[in-house]
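Colleague: Quick one: the structure is below, and I'll ask about it shortly.
The values are calculated or read from the model by the stated rules, or taken from the named source; none is laboratory data. Quick caveat, the model's predicted, so the values are computed rather than measured. Here the Cβ is made from the backbone with ideal geometry for all residues, glycine too, and neighbour counts use every protein chain on show.
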Amino acid sequence: MSEWIEVKAELSASPLDWSSWDDIFEEHGIAGTVQTDKPPTLSGYLSPDALSNLEPLIQALESAGAIKVTHSQVPEVDWSEAWKQFFVPRRIGNHFMVVPSWSEFEPQPGDITITLDPGQAFGTGDHPTTRGCLELLERAGAQGKEVADIGCGSGILAVGAALIGAKSLDCVDTDPLCIRSTTENFARNNVIGNTFLGAGFDPLPSGQTYDLVLSNIISAALIGIAHEAARRVRPGGTWIISGIIETNWPDVLAKATACGFTLIDHIHEGDWIAARLTR
């Protein structure tokens, strides 16, 4: 039986911004992590075909300041099924229902059902960053709009945009697993869209602009792509951003404003911010 490896890093205190720790896991082949606060830990799973990343990951976590790093084998069948108990149908905003592909669900009148199996990709609607994006997407609308999703993860946002009338979808992610997950979730929801492997707007057709851009990524990445987002979002268009820890929000907003965006509204949940901007 194939064995997955659970890697858990214990920290001395909960950081204000977990994103740098998430980056370490992602750089070593783990796209999704689970946080706990008491004690402060971050854990993720290495697949059987990525076990060569184990030692480099441990070393990177220890070098970053983890006080203890442990790892243990988890049978693939147990891991792949056990996490599903935590992913249940969830209402987001007024109309979106995010429903696991294996769950029986009877939609109510007015429900917009996103059927999802994220695999190892980020995005089930359980994290405040994803919820914030979907709520702001519902407010912004997507009817007849050309949409780009930068950092698409599971494809949940792009699917949501399609289900409320988006004209076209271009989705980008740096992780091949996310591209695969997005493509599969497009099929589950009878959605047609394009996927591109790469960072930021780089893989997209040169000069292509959009009515709506969705970016649920870390604060540093948002700051890094803000200038290009200003070129890619059409005048009067919308940029919905998330993945912003509260302490980084002033820097993200200042950069977006300097690039010509104006804040319309934002959602604050826990330590996380999601925002809707226009150009």
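Colleague: Just the residues that are at pLDDT 80 or above and among the hydroxyl-bearing types (S, T, Y), please, taken from segment 75-134. Walk me through it before giving the result.
Modeller: Just the residues of segment 75-134 that are at pLDDT 80 or above, to begin with: 90-100, 106, 108-116, 128-134.
Hits for segment 75-134 are T113, T115, T129, T130.
Colleague: Then there is this: Give me the pairs: first residue in segment 95-109 and in the same structural domain as N190 (by TED's automatic domain parsing) and over 17 Å from N190 (Cα atoms), second residue loosely packed, with under 14 Cβ neighbours inside 10 Å and of a type in the set (G, A, S), beta-carbon distance under 9 Å, and six or more apart or on different chains, which are they?
Modeller: Once the first residue is in the same structural domain as N190 (by TED's automatic domain parsing) and over 17 Å from N190 (Cα atoms) and sits in segment 95-109, its partners that are loosely packed, with under 14 Cβ neighbours inside 10 Å and of a type in the set (G, A, S) give H95/G110.
Colleague: Residue under question is S215, and the condition is that it be outside any strand (DSSP E or B) and surrounded by 22 or more Cβ atoms within 10 Å (Cβ to Cβ); does it hold?
Modeller: Working: outside any strand (DSSP E or B): no; surrounded by 22 or more Cβ atoms within 10 Å (Cβ to Cβ): yes.
Considered against the rule, which asks whether it is outside any strand (DSSP E or B) and surrounded by 22 or more Cβ atoms within 10 Å (Cβ to Cβ), S215 comes out as no.
Colleague: I want to confirm something. Restricting to segment 53-74 and keeping residues that are farther than 14 Å from E6 by Cα and out of contact with any strand residue (DSSP E or B) (no Cβ under 7 Å at 6 or more places or on another chain), which single residue is surrounded by the fewest Cβ atoms within 10 Å (Cβ to Cβ)?
Modeller: S63
Colleague: In addition: Name the single residue, out of those in segment 141-158 being within 27 Å of W18 (Cβ to Cβ) and out of contact with any Phe, Trp or Tyr (no Cβ under 7 Å at 6 or more places or on another chain), that is surrounded by the fewest Cβ atoms within 10 Å (Cβ to Cβ). Break it down stepwise before answering.
Modeller: Residues of segment 141-158 within 27 Å of W18 (Cβ to Cβ): 148-158.
Still in the running and out of contact with any Phe, Trp or Tyr (no Cβ under 7 Å at 6 or more places or on another chain): 149, 151-152, 156-158.
Values: D149: 30, G151: 25, C152: 33, I156: 30, L157: 28, A158: 31.
Per the criteria, the residue is G151.
Colleague: Can I ask one more? Does I240 satisfy being in contact with a helix residue (DSSP H, G or I) (Cβ under 7 Å, 6 or more places away or on another chain), at pLDDT below 95, of a type in the set (A, V, I, L, M, F, W, C) and part of a strand (DSSP E or B)?
Modeller: Working: in contact with a helix residue (DSSP H, G or I) (Cβ under 7 Å, 6 or more places away or on another chain): yes; at pLDDT below 95: no; of a type in the set (A, V, I, L, M, F, W, C): yes; part of a strand (DSSP E or B): yes.
For I240, the condition - in contact with a helix residue (DSSP H, G or I) (Cβ under 7 Å, 6 or more places away or on another chain), at pLDDT below 95, of a type in the set (A, V, I, L, M, F, W, C) and part of a strand (DSSP E or B) - is not met.
Colleague: Do we find that A229 is at pLDDT 95 or above and more than 14 Å from the chain's Cα centre (by Cα) in this structure? Steps first, please.
Modeller: Working: at pLDDT 95 or above: yes; more than 14 Å from the chain's Cα centre (by Cα): yes.
Answer is yes for this residue.
Colleague: Pick from A50, A60: which is hydrophobic (A, V, I, L, M, F, W, C) and closer than 22 Å to C178 by Cα? Don't jump to the end; show me each part of the working.
Modeller: Values: A60 fails: closer than 22 Å to C178 by Cα.
It is A50.
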